[in-house]
Amino acid sequence: MNVFSGENSIRDFMDPGQLAYLPLVEIPAELNPLIEDRVKIFAKLMTFSALHNVKAVPGFNMIAEADARGELKDVTTIIENSSGNTISAIAVAARLFGVDDIRAIVPDEVSLHKLRMLLFFGIAPIVNHEPVEPDGEDPTSGIYRARELGEQVGWMNPGQYDNEDNPDAHFKWIGNQIWRQTDGGVSVFCASLGTTGTIIGNSRYLKDKNSNIRVVGVMRAPGAYVPGPRTELLLGLVGLEWEPHVDSITQATNPESYAMSMDLSRRGLYVGPSSGLSLVGLLRYLLERKDEGTLDELRNKNGDIVCVFICPDTPMPYFDEYFKYLDESNFPTVTNEHLLLNMPEQTS
Ligand SMILES: Cc1ncc(COP(=O)(O)O)c(C=O)c1O
């Protein structure tokens, strides 16, 4: 019945193993150019997890597993290099396990909106001047600083970029859900590549069940800025071994990702830019296979091609960005704009 009560109500609600399955919803035909080819595309809505984004899953697991191993015993402070979803999830999970002092290393280019989100969650930001060439071994990088500070007595750095509890969370909970929700018929799994925890964990689970399942990873195109996923260059900072778990890689740009996210949202799938990026990348992969004449190899035993792409979060934290990356033709006009008292420059 999805009711959580008693002294462990919040811990149970945060635990993805106790929450109802996260919805898997087929996208409408008008967004699926391959519908005539019996391609069915499903959005896996991570937005229905406790903190309304994908990071509630690994965030909870990294803390719960550290606690189970006894690693939280004398910890009073947790620090992570993150300016958004991960540290918020870690903060909430950590408080459930008795750690209240949460710090985040944030880049100097962090937006005021994101900084305020951290303060909203009671997280103390430490602003870092990031090196121009990203390198996790550079002592001035945020990843390095978080690791170094985390080594102090009473401190801990979960380290999402090389912590196996990150992909394990997806292996344990989400892969199993997708397998069962598609009745074992999933042909293609697609996710964006950020820390790569999502793609590694789901790929491991699904390929264990059926090694024919194809896994597509989507990167940000060079110069694109979609929060969460990384460019090829930035993926060099990730310590997790993701390459063996991915069969094909595609890319998506900013305008493509933001426009697709808006199209999905306007049709009832309220998902953010990295969800748009993932769907753009998935369609690129499928259309290429159709051109090559290899689409039929993806059919399941019912003759369908069932694809699942991950929707990590909602558009809410990024509303301003949609107006930066999409031109006016994407939005209705405001009547009597001259009467607006507040921030008229932010309307279309
Ligand atoms: C909004 C958003 N999209 C995509 C991702 C990528 O997921 P992962 O880190 O599991 O690769 C993240 C996480 O960093 C995210 O916060």
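The values are calculated or read from the model by the stated rules, or taken from the named source; none is laboratory data. The structure displayed is predicted, hence computed values, not measured ones. Ideal geometry is used to build each Cβ from the backbone, glycine not excepted, and the neighbour counts take in all protein chains shown. Accessible surface is based on the protein model in full, side chains and every heavy atom, while ligands, DNA and RNA are left aside. Shrake-Rupley method; radii C 1.70, N 1.55, O 1.52, S 1.80 Å.
So which helices of the chain fit the span-like rule, where a helix is a whole DSSP H run, its Cα atoms reach 27 Å or more along the axis, and its mean Kyte-Doolittle is at least -1.0?
Those that clear 27 Å and a mean of -1.0 are 273-292.
Of GLN251, GLN18, GLN177, which is the most mobile in a GNM of the chain whose springs link Cα atoms less than 10 angstrom apart?
GLN18
Taking the solvent-accessible surface of protein heavy atoms with a 1.4 Å probe, what is the per residue accessible area of the stretch 168-250 in Å²?
37 Å²
In percent, how large is the relative contact order of the stretch 56-156, given Cα pairs closer than 8 Å and 6 or more residues apart?
29 percent
Which order do the peptides 120-130, 198-208, 223-233 come out in when sorted by mean C-beta neighbours inside 10 angstrom, highest first?
So the peptides 120-130, 198-208, 223-233, ranked by packing, come out 198-208, 223-233, 120-130.
Can you return the aspartates and glutamates within cross-link range of LYS172? Criterion is Cα-Cα under 14 Å, with same-chain partners fewer than 8 residues away left out.
Within the straight-line limit of under 14 Å, LYS172 reaches these aspartates and glutamates: ASP15, GLU65, GLU164, ASP208.
How large are Rg and Dmax for the chain when calculated on the C-alpha trace, in angstrom?
20.4, 61
Averaged per residue, what accessible surface does the stretch 56-156 expose to a 1.4 Å probe, in Å²?
Accessible area per residue, the stretch 56-156: 47 Å².
Taking all protein chains together and a probe of 1.4 Å, list TYR325, TYR318, TYR21 from the most accessible to the least accessible.
TYR21, TYR325, TYR318
Just to be sure I understand: with springs between alpha-carbon atoms less than 10 Å apart, which residue in ASN61, ASN163, ASN210 has the highest mean-square fluctuation in the Gaussian network model of the chain?
Residue with maximal mean-square fluctuation among ASN61, ASN163, ASN210: ASN210.
Do you know the relative contact order of the stretch 1-88, to the nearest whole percent, from alpha carbon pairs under 8 angstrom that are 6+ apart?
22 percent
Amide H neighbours of ASP101 under 5 Å, at least 5 residues apart or on other chains, H built in the peptide plane: list them.
When sequence neighbours closer than 5 places are left aside, the close amide H contacts are ILE78.
Just how far, in whole angstrom, is the stretch 87-120 from the stretch 49-81 if you go by their alpha carbon centroids?
Comparing the Cα centres of the stretch 49-81 and the stretch 87-120, I get a distance of 12 Å.
Only bridges with both residues in the chain count here: give the DSSP antiparallel percent, nearest 5.
Percent antiparallel among DSSP bridges in the chain is about 10.
How much of the DSSP bridge set in the stretch 70-160 is antiparallel, in percent, rounded to the nearest 5?
Once the DSSP bridges in the stretch 70-160 are tallied, antiparallel ones form about 0 percent.
Test of the criteria: in the stretch 6-73, which GluC sites (Glu not before Pro) are in a DSSP loop and have at most 12 other Cβ atoms within 10 angstrom of their Cβ?
Taking the stretch 6-73 and a limit of 12 other Cβ atoms within 10 Å, the loop GluC sites (Glu not before Pro) found are GLU7.
How big is the gap, in Å, between the Cα center of the stretch 258-275 and the Cα center of the stretch 155-169?
29 Å
Using the crude model of +1 on Lys and Arg Cβ and -1 on Asp and Glu Cβ, and no other charge, please compute the dipole size for the stretch 56-156 relative to its Cα centre, in debye to 20.
The dipole magnitude comes to about 500 debye.
Quick one: with all protein chains in place, what share of the accessible area of the stretch 34-179 is carbon or sulfur, to the nearest percent (1.4 Å probe)?
53 percent
Express the relative contact order of the chain as a whole percentage, based on alpha carbon pairs under 8 Å and six or more residues apart in sequence.
The normalised contact order for the chain reaches 17 percent.
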